Structure formats: structure tokens, C-alpha cells
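Peer 1: Following this message is one structure expressed as C-alpha cells.
The values are calculated or read from the model by the stated rules, or taken from the named source; none is laboratory data. As the structure is a prediction and not an experimental result, all values here were calculated from the model. Note that each Cβ is placed from the backbone with ideal geometry, even for glycine, and that neighbours are counted across all protein chains shown.
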Amino acid sequence: MNKVVVHFVGGSIQKGYTSDFSMNRTTFHLAGIEDHKTEIIDFHKLKAVFFVKDFEGNPKYTDSKDFDSSQTVYGKKYRVLFRDGEEVIGTGVGYNPNKPGFFLTPCDPDSNILRAFVNIEFISKIEQI
């Protein structure tokens with residue numbers, strides 16, 4: 001089971017577990033943290049799905065926006081700006097503007113985010129860096 005934090009287009013957030021997330025499908029199941037009640041999540045309502053190390057994270061920690069020169073980088077480096085102003089910098093493989101989204105791994109190895117699935121429809125700007 002993957003721990004995920006789901007960010008919706010309207011700004012709401014849900015935390016839970018999923019075992020059937022695939023970028024090749026239009027929905028996935030999300031089980032709640034406490035009650036494990038399962039619901040179907042539709043990709044078209046998503047900003048992004050963040051696969052996380054833990055649900056709490058560290059609210060005092062700010063992810064680095066720079067790649068460390070000693071880091072091994074797989075894929076291309078991207079700066080993604082969402083329509084709500086949030087920015088994520090990381091590496092991605094498989095970005096294609098004609099697909100519904102792609103996976104992005106944050107540049108900060110100490111981030112609570114392991115990787116994110118980014119919904120193309122909610123991006124205001126993406127640039128390769």
C-alpha cells in the first residue's frame with residue numbers, strides 16, 4: 001500500500017492509502033487513514049497525487065529548490081508551476097503534453113514527497129531546467 005496525499009483542483013486534500021494507482025487509468029481507489037473507507041478518485045478532479053514517506057511530514061521543513069551537484073539525476077529536470085501558485089522542482093520521465101500527467105520526483109532527497117503524479121490540466125507552466 002502506498003501512502004498518498006491527494007490534492008484536488010478545488011484546494012481540498014485527502015490522505016490515505018492506494019494500491020491501484022496507475023497513470024494509464026482514469027480512476028484509483030483511496031482508503032482513508034483511520035476508517036479505511038474506500039472511495040474512487042477521478043483523475044479529472046486532481047491537481048496532483050503525492051506519494052509520501054509519512055502523513056505528518058515536517059511542517060517546519062521547506063523543500064530545497066536546487067539540485068545538489070553530487071546527486072545522480074534520472075530523467076529531465078523540470079520546474080512545474082501549478083495554477084494555484086505552488087511550485088515543484090524535480091526530475092521526470094515521460095512528460096508528454098498530450099498525456100493526462102506524469103511522475104515527478106522532487107529534487108530534495110530529504111523531502112517527505114517520494115514522487116508526485118502531476119495532472120497536466122492543472123499546470124500553468126512547465127519548463128525544462
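Peer 1: Hey, among the residues in the stretch 1-48 that are touching a Leu at 6+ places or on another chain (Cβ under 9 Å) and of a type in the set (A, V, I, L, M), which one's farthest from residue 117 (Cα to Cα)?
Peer 2: The residue in question is 40.
Peer 1: Name the single residue that is nearest to residue 43 (Cα to Cα) among those in the stretch 93-129 being assigned to a strand (DSSP E or B) and of a type in the set (D, E, K, R).
Peer 2: My answer is 115.
Peer 1: Report, by residue number, each residue of the stretch 66-92 that is assigned to a loop (DSSP other than H, G, I, E, B), touching a strand residue (DSSP E or B) at 6+ places or on another chain (Cβ under 8 Å) and among the hydroxyl-bearing types (Ser, Thr, Tyr).
Peer 2: If the condition is that a residue be assigned to a loop (DSSP other than H, G, I, E, B), touching a strand residue (DSSP E or B) at 6+ places or on another chain (Cβ under 8 Å) and among the hydroxyl-bearing types (Ser, Thr, Tyr), then 74 is the only one that fits.
Peer 1: Sticking with this one: Could you identify the single residue in 21, 51 that is of a type outside the set (Lys, Arg) and assigned to a strand (DSSP E or B)?
Peer 2: It is 51.
Peer 1: Given the criteria of a type outside the set (Phe, Trp, Tyr), surrounded by 15 or more Cβ atoms within 10 Å (Cβ to Cβ), in contact (Cβ under 8 Å) with a residue 24 or more places away in the chain and farther than 26 Å from residue 1 by Cα, does residue 41 qualify?
Peer 2: When the stated conditions are applied, residue 41 does not pass them.
Peer 1: Also, I was wondering about something else. If we keep just the residues of the stretch 38-60 that are aromatic (Phe, Trp, Tyr) and closer than 24 Å to residue 123 by Cβ, which is modelled with the lowest pLDDT?
Peer 2: 43
Peer 1: Quick one: would you say residue 53 is loosely packed, with under 15 Cβ neighbours inside 10 Å, charged (D, E, K, R) and over 14 Å from residue 4 (Cβ atoms)?
Peer 2: no
Peer 1: Within the group 63, 35, which residue is modelled with pLDDT of 90 or more and outside any strand (DSSP E or B)?
Peer 2: Just a single option satisfies the conditions, and that option is 63.
Peer 1: Looking at (1) at pLDDT 95 or above; (2) within 14 Å of the chain's Cα centre (by Cα), can you tell me which one residue 23 breaks?
Peer 2: Among (1) at pLDDT 95 or above; (2) within 14 Å of the chain's Cα centre (by Cα), the lone unmet condition for residue 23 is (1).
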